[in-house]
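To start, the structure itself, in structure tokens.
Readers should treat all values here as calculations from the given coordinates under stated rules, not as data from a laboratory. Just so we're clear, the structure is a prediction, and the values are computed from it rather than from any experiment. We place every Cβ from the backbone using ideal geometry, glycine too, and count neighbours over all the protein chains shown.
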Amino acid sequence: MTLKKIQHTTSNSWQNVRGKLTPMAALDKLTWFGVGGASDWLFEPADLNDLISLLQNCPHDIPVNIIGAGSNTLIRDGGVAGIMIKLTGFFQEIHIEHPNKIIAGAGVSDAELARFAAKNDLTGLEFLIGIPGTIGGGLKMNAGANGGEFKQIITHAFAVDRNGNQHKVSVDDLKMDYRHTQTPDDWIFTHAEFKTSPGEKQIIRQKMKQNLAHRADAQPIGKRTGGSTFANPKNHKAWQLIDAAGCRGLKLGDAQISEKHCNFLINNGAATASDIENLGLQICERVKQNSGIELRWEIKRIGRTKPSEEPLE
């Protein structure tokens with residue numbers, strides 16, 4: 001579908017949308033890598049009903065994607081066709097459901113939820129402080145750090161599908177595995193219930209401080225990166241396979257494999273999305289040649305490799 005047709009659709013079918021709808025929206029500033037082209041449209045729904053309304057009125061030949069913190073997302077240089085959804089405002093709310101249960105929107109950052117729990121003397125979520133993402137992304141990939149992962153702390157998750165239908169699922173329904181959740185690709189998580197238990201604020205904060213120190217010691221903090229690039233294969237560490245293949249510090253354009261942790265790709269300032277992705281593909285090939293093991297991308301790669309040739313008027 002051309003952008004012209006998408007524009008016609010927005011003016012005729014989405015007149016009741018109450019959120020912010022931005023055409024040709026730059027996405028590079030929304031990702032940690034700081035690269036990539038624009039999205040045909042960026043939609044920030046006002047609330048759950050607003051999101052459902054757009055999905056129900058959006059023709060299925062218009063692609064729909066979602067972006068969270070942008071910490072594990074690579075937007076390709078040609079931008080993203082269709083609509084990119086970012087959950088802000090209503091979806092960034094947190095509240096205590098009862099003494100040991102927290103409800104958090106999908107747009108809440110993992111670190112913010114960890115701090116909220118600590119402020120309310122609730123333990124069990126300390127490891128979230130070391131995950132640079134949002135609740136929605138954490139649910140989608142069963143994110144984890146410091147020995148903890150999402151499947152250990154949620155009771156239920158809530159989502160809407162491409163048709164605007166709502167779903168409530170238990171943690172067992174999600175069938176969460178290492179860095180993977182078995183849900184339909186078109187599901188957009190909206191919020192989740194987290195289980196906690198009473199704790200002492202001083203001990204909780206000390207655990208969080210230790211988790212942050214470990215992250216700073218092991219990872220290239222302060223760099224333009226996308227977090228862990230590849231998931232650990234069974235019985236292996238991705239960084240060890242990459243290091244053994246001679247890739248530590250490898251460069252392509254202004255993209256580089258971190259010297260500090262070689263499962264991290266870095267934009268040194270002027271890298272393109274193509275530089276970063278192609279460097280990652282080189283790593284996959286070298287690791288396969290060296291060990292016979294195929295790496296699986298943990299970073300989500302979205303969009304067109306080249307700018308669209310479709311007319312934009």
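Some values worked out for this structure:
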item: Overall Cα dimensions of segment 220-300, principal axis frame, Å, largest first; result: 34, 22, 22
item: Using θ = phi - 60° and Karplus 6.51 cos²θ - 1.76 cosθ + 1.60, couplings along segment 187-196 (whole Hz; Gly, Pro as x); result: 6, 10, 5, 10, 6, 8, 9, 10, 8, 9
item: Within a Gaussian network of the chain (alpha carbon springs, distance under 10 Å), most fluctuating of ILE103, ILE188, ILE75; result: ILE103
item: Relative contact order %, the chain, counting alpha carbon pairs below 8 Å whose residues are six or more apart; result: 19 percent
item: Environment charge of CYS262, counting only residues whose C-beta is closer than 12 Å and scoring Lys/Arg +1, Asp/Glu -1; result: +2
item: FRET efficiency estimate (nearest 0.05) - Cβ-Cβ, GLN210 to ASP185, R0 41 angstrom; result: 0.70
item: Residues ARG301 and ASN163, FRET efficiency given R0 of 22 Å [Cβ-Cβ distance, rounded to 0.05]; result: 0.30
item: Protection proxy ranking of 175-181, 32-38 - average other beta-carbon atoms within 10 Å, highest first; result: 32-38, 175-181
item: Order by protection proxy (mean Cβ within 10 Å, highest first), peptides 68-74, 245-251; result: 68-74, 245-251
item: Calculated FRET value between ARG248 and ILE203, using beta carbons and R₀ = 41 Å, to 0.05; result: 0.65
